[in-house]
Amino acid sequence: MQSKTLTTSNVQDTIKLGEQLGIMCRGGEVFELISDLGGGKTAFVRGLSKGLGTEDEVSSPSFTINNTYKGSRFNLEHFDFYRLDDPGVIAEELKEDIYDTNSIVAVEWGDIVHDILPEDRIMVKIITDENDNRNFTFNFPSSYDYLFTEI
Ligand code: ADP
Ligand code: MG
């Protein structure tokens, strides 16, 4: 497992960080985003989608659980299982997207789908510090090193 830690001090920098990773994506990447509410998970996904060349506006998919954003190179599949007790049929959707090498998957509140998420994924842990900065820790297998060469 590799580990990388970076700090952003505003939402624009978080979007930029997501964008830099989105640009490096080769298809099939799975990101699991872990933080408290308001930690910046969705902001990071907004950046990812920018980096993938989507024109769509990323919103919090809570209530709809899953949104697809069409990118110029890959689609971004954004899942948010906040306060969901049972992923139901969305679990099947997630499985399909995970094995689709033309999709990038980003999951918020993924605890209830941990048995579905691949071991080879990028875990993004965001901690808010006392100054409202966000400390990002990325844990990922070395097969994903290529994502981090520019940051
Ligand atoms: P989550 O999806 O984790 O609940 P959001 O991305 O929806 O979080 O919201 C993050 C909130 O925190 C936004 O209101 C954003 O403006 C604010 N914020 C302040 N500083 C940062 C930062 N460095 N990175 C991301 N968001 C930040
Ligand atoms: Mg969110």
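The values are calculated or read from the model by the stated rules, or taken from the named source; none is laboratory data. What you are looking at is a predicted structure, and each value in this text was computed from that prediction instead of being measured. With ideal geometry, Cβ positions are generated from the backbone for all residues, glycine too; neighbour counts draw on all protein chains shown.
Among the listed residues Glu93, Glu55, Glu119, which satisfies the condition of being modelled with pLDDT under 95, away from ligand 2 (no atom under 14 Å from the Cβ) and surrounded by fewer than 18 Cβ atoms within 10 Å (Cβ to Cβ)? First the steps, then the outcome.
Working: Glu93 fails: modelled with pLDDT under 95; Glu119 fails: modelled with pLDDT under 95.
One residue alone meets the criteria, Glu55.
Looking only at helices (runs of 4 or more DSSP H) that fall completely inside the stretch 1-116, which ones have 2 or more residues that are within 14 Å of ligand 1 (Cβ to nearest atom)?
11-24, 41-51
Looking at Ser60 and the list (1) within 16 Å of ligand 2 (Cβ to nearest atom); (2) of a type in the set (Ser, Thr, Tyr); (3) farther than 24 Å from Asn139 by Cα, which single condition is not satisfied?
So Ser60 meets the others, but not (3).
Go through (1) surrounded by fewer than 18 Cβ atoms within 10 Å (Cβ to Cβ); (2) farther than 15 Å from Phe140 by Cβ and name the single condition Val45 misses.
(1)
Confirm whether Ile90 is among the hydrophobic types (A, V, I, L, M, F, W, C) and more than 27 Å from Thr7 (Cα to Cα).
Details: among the hydrophobic types (A, V, I, L, M, F, W, C): yes; more than 27 Å from Thr7 (Cα to Cα): yes.
Answer is yes for this residue.
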